[in-house]
């Protein structure tokens with residue numbers, strides 16, 4: 001047999017309305033006779049209470065806090081690991097809130113960098129790199145025709161043969177460079 005809602009509220013240090021709301025929301029169980037088992041209710045209250053909304057610090061260790069939904073666990077763990085924080089099996093509400101605050105700080109920093117003009121648009125950067133690479137390639141393709149006669153004169157050989165030889169080596173080198181892919185992440 002348990003105690004009444006008002007008695008439990010008094011032992012918990014909250015209003016009876018808070019206990020009523022918790023029972024209606026299903027956060028703490030009621031016994032069959034409508035009373036409350038204090039041990040069960042305390043455990044349920046601890047699991048389902050947001051520690052950020054309590055007036056006092058939580059007395060239970062972080063492992064006993066309510067775990068968050070499965071959909072957000074991957075994102076929370078990744079954010080915590082990026083910051084060098086522990087992200088074990090069960091992610092607690094405190095860890096999720098920490099990850100959320102980290103993400104908000106990252107967004108604020110990105111907005112500030114964008115306003116300062118420090119961020120570069122990925123599409124524009126890709127187009128610029130592509131244009132510069134094309135100009136560089138075209139310059140190299142035209143180079144053998146410009147220097148072949150000069151090299152041939154220095155060596156005392158036929159200019160056409162020198163030009164063909166240089167073009168072959170330049171195209172080979174450009175083919176190697178074409179395998180390099182720029183990725184902007």
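Table: residues versus (1) closer than 30 Å to residue 50 by Cα; (2) part of a helix (DSSP H, G or I); (3) without any contact (Cβ under 8 Å) to a residue 24 or more places away in the chain.
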| position | (1), (2), (3) |
| --- | --- |
| 119 | no, no, yes |
| 134 | no, yes, yes |
| 146 | no, yes, yes |
| 153 | no, yes, yes |
| 164 | no, yes, yes |
| 174 | no, yes, no |
Q. Inside the range 100-119, can you point out the residues that are within 30 Å of residue 178 (Cα to Cα) and surrounded by 11 or more Cβ atoms within 10 Å (Cβ to Cβ)?
A. 119
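All of the numbers you see were taken from the coordinates with simple rules; none came from a lab. What you are looking at is a predicted structure, and each value in this text was computed from that prediction instead of being measured. Virtual Cβ from ideal backbone geometry, glycine too; neighbours counted across all protein chains shown.
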